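> Can you keep this structure in mind? I'll have questions shortly.
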Amino acid sequence: MKKIGIVFSGGGIRGMAHLGVLKALETYKIPFHMMSGTSAGAMVAAFYSAGYKAEEIKNIVKTNSFFSVKHLLFGKAGLFDMGLFDTAFKKYFPHNAIEQLPIPVHIAATDIVNGTSVLFDKGDLSLALQASSCVPLIFQPIKYLDKMFVDGAISNNLPIEPLLNTCDKLIGIHVNAMSQKPNDINMKDMLDRSFHLAIAQGVYLKSVHCNLFLDPPEMSKFGMFDMEKTDEIFDYAYQYTLSQTKEIEQFMKTI
């Protein structure tokens, strides 16, 4: 059996699409030997590594009301407090250590001072996940190891690097595909769209290293903070992945 790695992009609540993809992939019983992720993708990697199934993780996200407006903190470096994340992470990961996750996980964050991507594979799991998910201006920057971190997607939205020389096969999941229909471009989502268009080129350049790359189209119809669309996002990505049977079966023949 080949050693298989899986990489998850960021995407805010669109990260629920990762779970829809995983639910569909579960029927193939693919053994993942290593994981890497950015932002919401890093959260998915950590929970999935710990043994939580796709449906369970979706319910955890809904139960804890991540990205809720009740956590606004006006007048600070970001609008949202990450304290809710810390409480939830420590509830579901009592050991709070990246290196104690059953499947090795790499978590990408951006050092906002030096402008570099940093990958964590050991240390404080909660702080690493918060650092990776800290969308600039939306969340307050996270101080960890004497550095200031913001969302990993800014510098690395498909962190394949730690898996390239350690895995035989690589699966990449990207959940920020932009609609090509002019009527789908909404002014209220312009900042979201501009941000993801700016980082998309890097993602697609890296996608060529993936033996299976799953990229649900039209993801821009879901906003990064559309909590009320959690189930819709999950189901959309699940159905998309089921439609990729030919590609997945071809991948399965190589492992």
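The values are calculated or read from the model by the stated rules, or taken from the named source; none is laboratory data. Since the structure is predicted, the reported quantities are computational estimates derived from the model, not experimental observations. Quick reminder, even Gly has a Cβ in these numbers, built from the backbone with ideal geometry, and neighbours come from all protein chains shown. Heads up: the accessible areas ignore ligands, DNA and RNA and are worked out on the full protein's heavy atoms, side chains in. Shrake-Rupley method; radii C 1.70, N 1.55, O 1.52, S 1.80 Å.
> Please tell me which of these pairs span more than 20 angstrom C-alpha to C-alpha: K169/K221; K29/K253; K58/K253?
Exceeds cut-off: K169/K221; K58/K253.
> For the range 3-57 and the range 220-255, write down the distance between their C-alpha centroids in whole Å.
A separation of 11 Å, based on Cα centres.
> Let me ask something else. Given a Förster distance of 25 angstrom, what is the FRET efficiency for M227 paired with T87, based on the Cβ-Cβ distance and rounded to 0.05?
Values: r = 17 Å, r/R0 = 0.70.
So, using R0 = 25 Å, E works out to roughly 0.90.
> Ignoring everything but the protein chains, give the 1.4 Å probe accessible area of E232 in square angstrom, nearest 10.
Roll a 1.4 Å probe over it and E232 shows about 100 Å².
> Separate question: For S49, tell me the accessible area in Å² from a 1.4 Å probe, rounded to the nearest 10.
About 10 Å², rounded to the nearest 10.
> Let me ask something additional. Over the chain, what is the relative contact order in whole percent, taking alpha-carbon pairs under 8 Å and six or more residues apart?
Numbers: 518 pairs, mean separation 72.5, N = 255.
After rounding, I find 28 percent.
> Based on the Cβ-Cβ distance of K143 and D121, what FRET efficiency does E = 1/(1 + (r/R0)^6) give at R0 = 30 Å, to the nearest 0.05? Before the final figure, lay out each step's value.
Details: r = 20 Å, r/R0 = 0.66.
Once the sixth-power term is evaluated, E becomes 0.90.
> Quick one: what are the phi-derived ³J(HN,Hα) couplings along the range 164-173, Karplus 6.51/-1.76/1.60 with θ = phi - 60°, whole Hz, x for glycine and proline?
My calculation for the range 164-173 gives 4, 9, 10, 10, 7, 10, 10, 10, x, 10 Hz in order.
> I want the antiparallel fraction of DSSP beta bridges within the chain, as a percent rounded to 5. Working shown, then result.
Values: 13 of 31 bridges.
The antiparallel fraction comes to roughly 40 percent.
> If you stretched the chain out fully between A97 and E218, how much longer would it get, using 0.36 nm times the residue separation minus the C-alpha to C-alpha distance?
Details: separation 121, 0.36 × 121 = 43.56 nm, distance 3.57 nm.
Difference between extended and current length: 40.0 nm.
> OK, next. Go ahead and set up a Gaussian network model of the chain, Cα springs under 10 Å, then flag whichever of I60, I142, I154 fluctuates most.
I60
> In nm, to one decimal, how far is the modelled label at D168 from the one at N114, with both set 7 Å along Cα→Cβ?
Between D168 and N114, the simple spin-label model gives 3.5 nm.
> With point charges of +1 on the Cβ of Lys and Arg and -1 on the Cβ of Asp and Glu, referenced to the Cα centre of the chain, which listed residue (S36, S132, A153) lies farthest in the positive direction of the dipole?
S36
> What whole-number volume per residue, in cubic angstrom, does the convex hull of the C-alpha atoms of the range 196-255 give?
Values: hull volume 5.8 nm³, N = 60.
It is 97 Å³ per residue.
> Still on this structure: Dividing the alpha-carbon radius of gyration of the chain by 2.2 N^0.38 Å (N being the number of residues), what value is obtained? Working shown, then result.
Numbers: Rg = 16.9 Å, N = 255, 2.2 N^0.38 = 18.1 Å.
This ratio for the chain stands at 0.93.
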